[in-house]
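S.K.: Below are the structure tokens for one structure; questions will follow.
The values are calculated or read from the model by the stated rules, or taken from the named source; none is laboratory data. Quantities reported herein were computed from a predicted structural model and do not represent experimental measurements. Neighbour counts run over all protein chains shown; Cβ positions are idealised from the backbone, glycine included.
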Amino acid sequence: MNLAFIGAGQVGAALAVRLADAGHAVVLAESKEGSASVAAAKQRSPRLSSRPVADAVAGADVVFLATPFAANEALLRPLADALAGKILVDCTNPVGPGLTHGLRSERSGSDLVQSLVPKASVVKAFTIYGFENLEDPSYPAYNVKPAMLFCGDDRGAKDRVAALVTDLGFEAVDVGGLVQALHLEHMTLMWVRLVRMGGHSPHLVWGALRR
């Protein structure tokens, strides 16, 4: 697939590098020339390229949003038309003071993202773990893959995202419509509290076991 990444920090770079290594055409969007995070990501893989944001989005089938949540509105409003008809993977989480939900749990961050780009198909994914598990999701001591939970309202969009989830080495678990995004955001907060504050391994993951 042709993929574009808006945001090349710890999460965006980890996903971009591994998807490029899996054979996808991955372009990093540069909001300004000489972005340090884009340059650092490109050093990690010769398969990555970069273009200005508008050009990167125009050439992509799937666009990943991997920015700090507070930047989303300013970034997305000018791109609403460019994102029409495209799949937008929301990798962001609204986090408030004291690891509370940044929107007071009144709506999900993905709902807000969808409202900013109403003609795009938003899929919430790659949010329930830290970047460590996006860089390496392998657990050879177990006979299961870690689960990656995702949600969205467009079946075709979710099928394409599920294929990317699988390429990254996770078990793709579709948890339903975008209404579920709020619950995934609370899972993220729980993971952060357990790992970043509670001392658990950053390689703590969820599994989907079936009998």
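S.K.: Can you confirm whether Ala120 is within 19 Å of the chain's Cα centre (by Cα) and within 29 Å of Leu194 (Cα to Cα)? I'd like the intermediate steps shown before the answer.
M.R.: Values: within 19 Å of the chain's Cα centre (by Cα): yes; within 29 Å of Leu194 (Cα to Cα): no.
The answer is no for Ala120.
S.K.: Do we have any residue at all in the stretch 137-146 that's in contact with a helix residue (DSSP H, G or I) (Cβ under 8 Å, 6 or more places away or on another chain), modelled with pLDDT of 95 or more and buried (at least 24 other Cβ atoms within 10 Å of the Cβ)? Explain how you work it out, then say what you get.
M.R.: Of all residues in the stretch 137-146, those in contact with a helix residue (DSSP H, G or I) (Cβ under 8 Å, 6 or more places away or on another chain) come to 146.
With modelled with pLDDT of 95 or more added as a condition, the list becomes 146.
Going one step further and asking which of them are buried (at least 24 other Cβ atoms within 10 Å of the Cβ), we end up with none.
Checking the stretch 137-146: not a single residue is in contact with a helix residue (DSSP H, G or I) (Cβ under 8 Å, 6 or more places away or on another chain), modelled with pLDDT of 95 or more and buried (at least 24 other Cβ atoms within 10 Å of the Cβ).
S.K.: Pull out all pairs, ordered by first then second residue, where Cβ-Cβ is under 9 Å, the residues are six or more apart or on different chains, the first lies in the stretch 187-211 and is within 11 Å of Leu99 (Cβ to Cβ) and in contact (Cβ under 8 Å) with a residue 24 or more places away in the chain, and the second is of a type in the set (Phe, Trp, Tyr) and exposed (fewer than 14 other Cβ atoms within 10 Å of the Cβ).
M.R.: Listed pairs, sorted by first residue: none to list.
S.K.: Quick one: which residue in Leu76, Leu83 is of a type outside the set (D, E, K, R), touching a residue at least 24 places away in the same chain (Cβ under 8 Å) and not in a loop (DSSP other than H, G, I, E, B)?
M.R.: On the way: Leu83 fails: not in a loop (DSSP other than H, G, I, E, B).
On inspection, the qualifying residue turns out to be Leu76.
S.K.: Do you know which of the residues in the stretch 57-73 that are in a strand (DSSP E or B) and out of contact with any Phe, Trp or Tyr (no Cβ under 6 Å at 6 or more places or on another chain) is surrounded by the most Cβ atoms within 10 Å (Cβ to Cβ)?
M.R.: Of all residues in the stretch 57-73, those in a strand (DSSP E or B) come to 62-65.
Cutting the leftovers down to out of contact with any Phe, Trp or Tyr (no Cβ under 6 Å at 6 or more places or on another chain) gives us 62-63, 65.
Values: Val62: 22, Val63: 25, Leu65: 27.
The qualifying residue surrounded by the most Cβ atoms within 10 Å (Cβ to Cβ) is Leu65.
Residue by residue, here is whether (1) touching a strand residue (DSSP E or B) at 6+ places or on another chain (Cβ under 6 Å); (2) among the aromatic types (Phe, Trp, Tyr); (3) at pLDDT below 95 holds:
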| site | (1), (2), (3) |
| --- | --- |
| Val161 | yes, no, no |
| Val165 | yes, no, no |
| Phe170 | yes, yes, no |
| Leu178 | yes, no, no |
| Ala181 | yes, no, no |
| Leu184 | yes, no, no |
| Arg193 | no, no, no |
| His200 | no, no, no |
| Val205 | no, no, no |
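S.K.: Does Arg51 satisfy being surrounded by fewer than 22 Cβ atoms within 10 Å (Cβ to Cβ), among the charged types (D, E, K, R) and within 18 Å of Leu88 (Cβ to Cβ)?
M.R.: yes
S.K.: Say we look at the stretch 4-54 and pick out the residues that are part of a strand (DSSP E or B) and among the small types (Gly, Ala, Ser); which of these is nearest to the chain's Cα centre (by Cα)? Write out each step before concluding.
M.R.: First pass over the stretch 4-54, keeping only residues part of a strand (DSSP E or B): 4-6, 25-30, 49-52.
From what's left, among the small types (Gly, Ala, Ser): 4, 25, 29, 49-50.
Values: Ala4: 11, Ala25: 17, Ala29: 15, Ser49: 19, Ser50: 18 Å.
Per the criteria, the residue is Ala4.
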